[in-house]
Every structure is written in structure tokens, then in C-alpha cells.
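Chemist: Mind having a look at this structure? Questions to follow.
The values are calculated or read from the model by the stated rules, or taken from the named source; none is laboratory data. Computed from a prediction, not measured in an experiment: that's the story for all the values here. Cβ coordinates were reconstructed from backbone atoms using ideal geometry, including for glycine residues, and neighbour counts include every protein chain displayed.
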Amino acid sequence: MAEKNPRPGVGGERNVPYAERAGNESIVYFTRDLSAEGLRRAFEQVSGNIDGRVAVKLHTGEQHGPNIIPRPWVADLMASDLPGASIVETNTYYDGDRYTTEQHRSTLEVNGWTFAPVDILDEDGVTPFPVAGGKWFDEVHMGSHLADYDSLVVLTHFKGHTQGGFGGSAKNIGIGCADGRVGKKEIHTTPGSDDMWDIKNEEFMERMMESAKAVCDHFGKKITFVNVMRNMSVSCDCEGTAAMPVVTPNVGILASTDILAIDQACVDLVYAMKEQDHHDLVERMETRHGLRQLSYMHELGMGNWRYALLDLDNGGARIQPAEAVAHVVPFEG
């Protein structure tokens, strides 16, 4: 394991304003079209390097979870744009509906993920993936099957998260590709601790981002990201039917080949909403120090946190986050 830096990182309680961010810009595509067609159109903008044996990493949810990406949208995308691809998941660190492979497969059936192959990546054990330049890790353990794929499509339901503050593309692969017994424990738990969730705030965000970096580095240019900003509770989809009610307006779908740019753009879109529309989700991000995900990805060189947001509904014109959310309607259930 890499030598620890005893000083925690900063930035977890504050979204860094755009004017204070350094570096180049990446492209982030945006559509307000929350539908199967909108998902396909967003993905097609960033699909150029996806070939070979393709994995689609998404959160398939606990049983009957109400907020996951609609299955018909994913089925349409995979049938039209990703024939032969597999959905990939890993077992959970907590004891729930997806704790073992047997339980996980039962939950997949209950939730309707039956239209494509689903590969439980850690069904046959783990593979260490190296972490370059990490503060906490030299390597993180992933489900062993992940190494069998040539390309990875990271399809993410953007939402809040009880411990991470928010869950975007980086959380989807940083936690979601780590296996349920070794890799997730490396991220969540101090060795020898009686509290399996004792790593929190900046340290947790940094460990999670180093795990995400290991996945990004493994796939290189053959990884791409799509975030769906719909049914955004402050709770993760891992809470299933116990998730807090959705109070944040729906926004749209974003796509990029830059993991930092897409997650930063989603956060910026939330902050650009009216205070009464974003209060709960912003509070969740800031109280959990979740914004450290973004500043640490920047420090690790995982992408650009400056970006051009291109409106697919308006000929690809560049827009500001405030323009994108100017007409959102408060969520009413």
C-alpha cells in the first residue's frame, strides 16, 4: 500500500467555482430528453472508441428500487447501439439483496434485468488493478471478470449518496467495480476496525477516486460515461424502497469521455438550480464532504473540471448550467 498522507485533502464542503478551476476544457454533451431516444442520442456522441468485448456498468438496484434508470431505456440502447454487450455488476459489501451472487441474480430477475447477459464480476474472485500516483493505494481489488472486457460504458443514475454525498460516474466504477469482500472493504474500512463504514469524508472520497482511477487507467481511451439526472433522491439506489423521497427536479442526460468533466457538470447543474429545488441534494453533498471527489480527481489528473456543455437540443450550442436548468419543474412525485 502507498504511504499515507496524514493530512486530509480539502474541498469536500465547497463546490469550486468555475472561475477558480485551472486547466483545459473537455466536451460534455447535454439533452433534456429523458427517454430511450435521448439516452441513445447522448451515448452516440461519445461511443467512438467502444468496441471489442463491451461491458456496461450500471447500478441495477435493490429489489423494487423506484429510481434506477428505466430498464426499457437500457434495453433499447443495448439492442440498437451495443449488441452483444453485457451488463456488469459486483456483489455488495453490506448484507442485502445483492450480498451473494445467488441473491444478486434473484434480485436482477425481480428488477427485470433479463434482456441482456449480466456478469457478476466478482463471482469467481478478484483481480488487483494498479493505482498510479495514489495516496492510499498501490492497487485495488476488482471483480476478476472486469479484466475480460475490452471497453467499458459507464451508465450512471446521478443521485445523492448517504456516505459519498453524491453518486456519479466515479462512484459507479470506484465502488461498483470493486469486489464485494476485498475491494469495497479496502475503500470503506480501516484494517482491524469494528466499524465497517469508519472511513468517511475526505479520506473516503480519495480512496473511492483512486479506485475509479484504476478502472479508468485500465481501459484507457476505451471507456465512456453517460449520467442520467432523473429521480434524484439524496439516497443511493442501494437503499431500494427505503430511499428518501425525490424532491430534486429532473434535468436531463449528459455524456462525455471525461469522467471528471461529466461529474463536475452534473454537480454544477444541481448548484445552478433555485435554492428551494437543490437544497436537499446540496446539503447531502456538502455535509458528507462529497465534493472532494471532484477536487481529488483533478489532483490525480483524471480529467478536466473545466468543460464546454453542448446542448444537443439546440444544435450543439454551448450553454451555461443555469441555462440548462432554467425551466426545470420541481419534482412532485
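Chemist: Name the residue that is surrounded by the most Cβ atoms within 10 Å (Cβ to Cβ), counting only residues in segment 154-164 that are out of contact with any Ser or Thr (no Cβ under 7 Å at 6 or more places or on another chain) and not in a strand (DSSP E or B).
Modeler: By that ranking, first place goes to Phe158.
Chemist: Could you figure out which of (1) in a strand (DSSP E or B); (2) surrounded by fewer than 16 Cβ atoms within 10 Å (Cβ to Cβ) isn't true of Val88?
Modeler: Condition (2) is where Val88 drops out.
Chemist: Among the listed residues Ser193, Ser144, Ser151, Ser169, which satisfies the condition of being surrounded by 24 or more Cβ atoms within 10 Å (Cβ to Cβ) and among the hydroxyl-bearing types (Ser, Thr, Tyr)?
Modeler: Ser169
Chemist: Of the numbered conditions (1) under 22 Å from Met208 (Cα atoms); (2) more than 18 Å from the chain's Cα centre (by Cα); (3) buried (at least 18 other Cβ atoms within 10 Å of the Cβ), Gly133 satisfies every one except a single condition; which is it?
Modeler: (3)
Chemist: Across segment 178-199, what is the number of residues that are part of a loop (DSSP other than H, G, I, E, B) and out of contact with any Asp or Glu (no Cβ under 9 Å at 6 or more places or on another chain)?
Modeler: Residues in segment 178-199 being part of a loop (DSSP other than H, G, I, E, B) and out of contact with any Asp or Glu (no Cβ under 9 Å at 6 or more places or on another chain): 9 in total.
Chemist: Give me the residue from segment 67-88 that is small (Gly, Ala, Ser) and out of contact with any strand residue (DSSP E or B) (no Cβ under 6 Å at 6 or more places or on another chain) and, out of that set, nearest to Ala55 (Cα to Cα).
Modeler: Among them, the one singled out is Gly84.
Chemist: Examine segment 259-272 for a residue that is buried (at least 24 other Cβ atoms within 10 Å of the Cβ) and of a type in the set (Phe, Trp, Tyr), and state whether such a residue exists.
Modeler: no
Chemist: Here's something else I'd like to know. Mind checking which residues of segment 24-65 are more than 20 Å from Ala116 (Cα to Cα) and among the hydroxyl-bearing types (Ser, Thr, Tyr)?
Modeler: Within segment 24-65, Ser26, Tyr29, Thr31 qualify.
Chemist: Please go through segment 36-60 and give me each residue that is over 16 Å from Asn227 (Cβ atoms) and part of a loop (DSSP other than H, G, I, E, B), ordered by number.
Modeler: Gly48, Asn49, Ile50, Asp51, Gly52, Arg53, Thr60
Chemist: Continuing with this model, one more query. Which numbered condition in (1) in a helix (DSSP H, G or I); (2) more than 24 Å from Lys185 (Cβ to Cβ); (3) of a type outside the set (D, E, K, R) is the only one that Trp113 fails?
Modeler: Trp113 satisfies every listed condition except (1).
Chemist: Which condition does Gly12 not pass, out of (1) at pLDDT 95 or above; (2) in contact with a His (Cβ under 6 Å, 6 or more places away or on another chain), if it passes all the others?
Modeler: So the condition that Gly12 fails would be (1).
Chemist: For Gly52, only one of the following conditions fails: (1) surrounded by 21 or more Cβ atoms within 10 Å (Cβ to Cβ); (2) within 30 Å of Asn91 (Cβ to Cβ). What is its number?
Modeler: Unmet condition: (1).
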